[in-house]
């Protein structure tokens, strides 16, 4: 307990660590403002005009009433036109998207400006044509409604993304303790003291976890007040952020105990953080499908950011449980690794 208390006092006396908090607030504010219009334009789907046609004696003609009903329910204006005018309708602007039905299926036409709308139309028509008969299609899709995942605004997204990013960036605060140990030759005393590897590990891990958590929650509180954010599923969000702080502190303790060189450790941790941040969504708009799965799976930042954003937009996230398990797993694994690193340091 004495080691923990002394190291905590040492970290709290280091005024430069407040720069982490200030950077989080400034970066969040700037990016929220810069990307506000871009995220709104790219991620919101408004009403649009859908032209459609059926060839003569088309076998899919019976689904026309269902298609029109789906359009009305989802704010899509349907315009029936003659067969063979699809490309002309797109070129002259009489339709944003055009669905041309024939006995072979359906071809969807659109301009480059309406790719999102075309994807929605393709989703609808795929569902419509999946039935084996017109009767089954009508029964199945009478109450059909498009479920579009709610998208976050720029302020919520970047507050979450850079809170998560700076949680892991804050692991550099442990460098304060490491620098003090080197300066005062405390490492030599540890090698000759009866203190266990667990005690030495906890003396570094616990203070860093407390400081990182304090910085993170202070940043969230300030951003919430400045940007007038409304959080959903607050308890779950707080749990994920807390576990993230603990995992970041646990990983930092392993790195600093193993490398024992502040500069090299900070560089190594920052490189790992940049990799996680890039593929985890901190540096990109909310477009998870553009990332390769094999890279996303190695990024705890991805799991934290996506689960927190979805909890605050949709009210739930399928990644909540995996995120909690990953963060807890990292912490549990880092404890014996950190103890082993301390033991190696003593032997050397």
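Summary of computed values
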| quantity | calculated |
| --- | --- |
| Condition met for residue 158 (under 18 Å from the mean Cα position of the chain (by Cα), crowded, with 19+ Cβ neighbours inside 10 Å, within 30 Å of residue 120 (Cα to Cα) and modelled with pLDDT of 75 or more) | yes |
| Inter-residue pairs, beta-carbon under 8 Å, first more than 21 Å from residue 55 (Cα to Cα) and in the range 71-92, second exposed (fewer than 11 other Cβ atoms within 10 Å of the Cβ), 6+ apart | 73/145; 74/145; 75/46 |
| Residue within the range 284-300 that is under 27 Å from residue 17 (Cβ atoms) and modelled with pLDDT of 80 or more present | yes |
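The values are calculated or read from the model by the stated rules, or taken from the named source; none is laboratory data. Computed from a prediction, not measured in an experiment: that's the story for all the values here. Reconstructed Cβ throughout: ideal geometry from the backbone, glycine too, with neighbour counts over all protein chains shown.
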